[in-house]
1. Can you work out which of the residues in segment 270-286 that are surrounded by 13 or more Cβ atoms within 10 Å (Cβ to Cβ) and of a type in the set (A, V, I, L, M) is modelled with the lowest pLDDT?
2. For residues in segment 1-29 being within 17 Å of PHE45 (Cα to Cα) and more than 29 Å from the chain's Cα centre (by Cα), which is surrounded by the most Cβ atoms within 10 Å (Cβ to Cβ)?
3. Quickly run through segment 240-258 and pick out the residues that are in contact (Cβ under 8 Å) with a residue 40 or more places away in the chain and touching a helix residue (DSSP H, G or I) at 6+ places or on another chain (Cβ under 6 Å).
4. Residues being of a type in the set (D, E, K, R) and more than 17 Å from LYS162 (Cβ to Cβ): count how many of those fall in segment 324-369.
5. Out of LEU409, LEU328, LEU382, I need the residue that is out of contact with any Cys (no Cβ under 8 Å at 6 or more places or on another chain), free of Cβ contacts under 8 Å to residues at least 60 places away in the same chain and not polar (S, T, N, Q). Which one?
6. Please go through segment 33-57 and give me each residue that is modelled with pLDDT of 85 or more and either of a type in the set (Ser, Thr, Tyr) or more than 17 Å from LEU160 (Cα to Cα) (or both), ordered by number.
7. Tell me, yes or no, whether segment 287-296 has at least one residue that is over 22 Å from THR389 (Cβ atoms) and either buried (at least 18 other Cβ atoms within 10 Å of the Cβ) or under 24 Å from the mean Cα position of the chain (by Cα) (or both).
Amino acid sequence: MAGILFISALILLVIGAPIVVALGASSLVFIFANDIQPVVVIQKFFAGIDSAALLAVPFFILAGELMNQGGIAKRIVNMVNGLVGNIHGGMGIVAILACMFFAAISGSGIATAAAIGGVMMAGMLRSGYSRSFSATVIGAASPIGVIIPPSIAFIIYAVLAKVSVSDLYKVGLPAGVIVGIALIVPTYLIAKKRNYKERAEKIASGEIILENVPELKSSDSKDSIWGSLWALGTPIIIVGGVFAGIFTPTESAVVAVVYSMVIGVFVYKELKIKDLPDIFFSAAVSTAGIMIIMAVASLFAWVMVYVRIPQTALDAVLGMTHNRVLILLAINAIVLIAGMFMESGSIQYILVPIALPIATTLGIDPVHFGIMLTTNLAIGMLTPPFGITLFASARVFDVGIQDVAKETLPFLVALIVALLIITFIPQSVMWIL
């Protein structure tokens with residue numbers, strides 16, 4: 001029976017069907033082939049998205065849109081750029097740090113790639129960086145958006161694994177720092193080899209003068225170090241509020257929307273009231289796309305449970321070995337391969353019901369497994385041939401995906417090293433709980 005499910009899904013993927021069509025159609029083929037009542041399709045569609053925690057998803061998407069349009073993204077770059085100094089790869093390191101800051105706002109890798117890539121492009125090219133290398137740096141750093149809280153991937157995992165979103169947020173912070181440091185290393189080494197070096201930025205009277213990013217150069221106080229602190233208020237409110245127990249992750253998403261709207265309209269004055277309908281519409285379309293995938297993936301996951309695939313996989317793995325290291329390596333390898341071809345939400349819906357029971361049998365904390373899985377999913381967002389942040393950054397920098405893919409290897413190695421640290425040294429991230 002399982003063969004019908006996977007063969008039909010594979011055929012659809014091979015002929016180029018979207019992932020939502022492949023998962024949904026293969027599930028329907030299985031249901032009709034086994035005389036299961038079709039009403040289960042509707043039931044599982046709604047059950048897959050019927051969770052209060054998922055209310056945070058549209059609000060974080062909307063917050064990211066508002067912050068990008070309202071000038072918050074470029075002021076994060078403004079501030080970080082003045083703190084890096086005169087070093088090899090300074091602009092690349094600025095891009096990575098800016099992605100980390102923006103990750104604590106948007107919760108989305110694609111939003112981070114679009115926002116930071118658009119702001120950094122002129123400065124990186126002016127500093128002599130090649131388009132392909134610039135796009136790769138942004139594409140590699142943007143997935144930090146799903147690791148550093150808030151994270152849509154964390155919310156989905158929390159719903160599936162029935163764990164605390166707040167706990168995932170907490171372990172996401174040190175994990176994001178580990179990944180960020182890992183990416184800075186190849187950026188610095190490659191820039192040194194290619195002699196990418198910027199002049200030190202001038203910092204005087206609390207103002208950053210962006211010599212390499214003229215689009216941001218300004219004497220306006222709103223573009224000064226102090227003015228940039230308004231932009232940092234968002235992650236402080238979101239993450240700090242959740243950690244302090246002031247509000248839930250969902251409530252923090254609403255607060256982020258209100259705060260970003262107020263700052264964009266009344267402080268930076270780059271967000272116009274007339275722009276809001278288009279921003280709301282764009283956020284709604286993005287949310288609908290995510291929710292459709294989640295609904296269809298939940299049906300696919302139910303079919304897998306119906307034919308006992310998770311239990312069969314658990315028995316098969318434990319029948320071969322009880323070696324914790326080998327099993328964790330196998331799980332990571334499977335997720336890495338899946339990430340090359342599938343969207344992260346779909347991977348979670350398919351693999352969490354299979355892999356989580358195996359992990360818990362080995363005594364692995366579900367929260368630790370969640371940050372391990374999320375880090376792995378972040379790598380998949382960069383991995384060719386279908387790395388979505390790779391495509392997004394290539395589009396921003398107007399460069400061929402093949403050229404960008406050639407530059408990814410050192411960054412993939414760095415990300416895999418970070419993943420292994422998080423996987424096999426649990427206290428590297430779990431100490432914060």
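1. ALA283
2. Here is the first cut: in segment 1-29, the ones within 17 Å of PHE45 (Cα to Cα) are 19-29.
Subset that is more than 29 Å from the chain's Cα centre (by Cα): 28-29.
Values: LEU28: 16, VAL29: 18.
Only one residue tops the list, namely VAL29.
3. Result: VAL242, PRO249, THR250, SER252, ALA253, VAL254, ALA256, VAL257.
4. Within segment 324-369, the first condition is being of a type in the set (D, E, K, R), and the residues that meet it are 324, 343, 365.
When the remaining residues are screened for being more than 17 Å from LYS162 (Cβ to Cβ), the result is 324, 343.
Looking only at that region, the number is 2.
5. On the way: LEU328 fails: free of Cβ contacts under 8 Å to residues at least 60 places away in the same chain; LEU382 fails: free of Cβ contacts under 8 Å to residues at least 60 places away in the same chain.
From the options LEU409, LEU328, LEU382, the qualifying one is LEU409.
6. Within segment 33-57, the subset modelled with pLDDT of 85 or more is 33-46.
If the condition is that a residue be modelled with pLDDT of 85 or more and either of a type in the set (Ser, Thr, Tyr) or more than 17 Å from LEU160 (Cα to Cα) (or both), then ALA33, ASN34, ASP35, ILE36, GLN37, PRO38, VAL39, VAL40, VAL41, ILE42 are the ones that fit.
7. Within segment 287-296, the subset over 22 Å from THR389 (Cβ atoms) is 295-296.
With either buried (at least 18 other Cβ atoms within 10 Å of the Cβ) or under 24 Å from the mean Cα position of the chain (by Cα) (or both) added as a condition, the list becomes 295-296.
The answer is yes, given that some residue of segment 287-296 is over 22 Å from THR389 (Cβ atoms) and either buried (at least 18 other Cβ atoms within 10 Å of the Cβ) or under 24 Å from the mean Cα position of the chain (by Cα) (or both).
For (1) surrounded by fewer than 14 Cβ atoms within 10 Å (Cβ to Cβ); (2) more than 30 Å from ILE148 (Cα to Cα), each residue gets a yes or a no:
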{"site": "ILE31", "(1), (2)": "no, yes"}
{"site": "VAL39", "(1), (2)": "yes, yes"}
{"site": "PHE59", "(1), (2)": "no, no"}
{"site": "ALA63", "(1), (2)": "no, no"}
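The values are calculated or read from the model by the stated rules, or taken from the named source; none is laboratory data. Worth saying up front: this structure is predicted, and the values here are computed from it rather than measured. Neighbour counts are summed over all protein chains in view; Cβ atoms, including those assigned to glycine, are modelled from backbone coordinates with ideal geometry.
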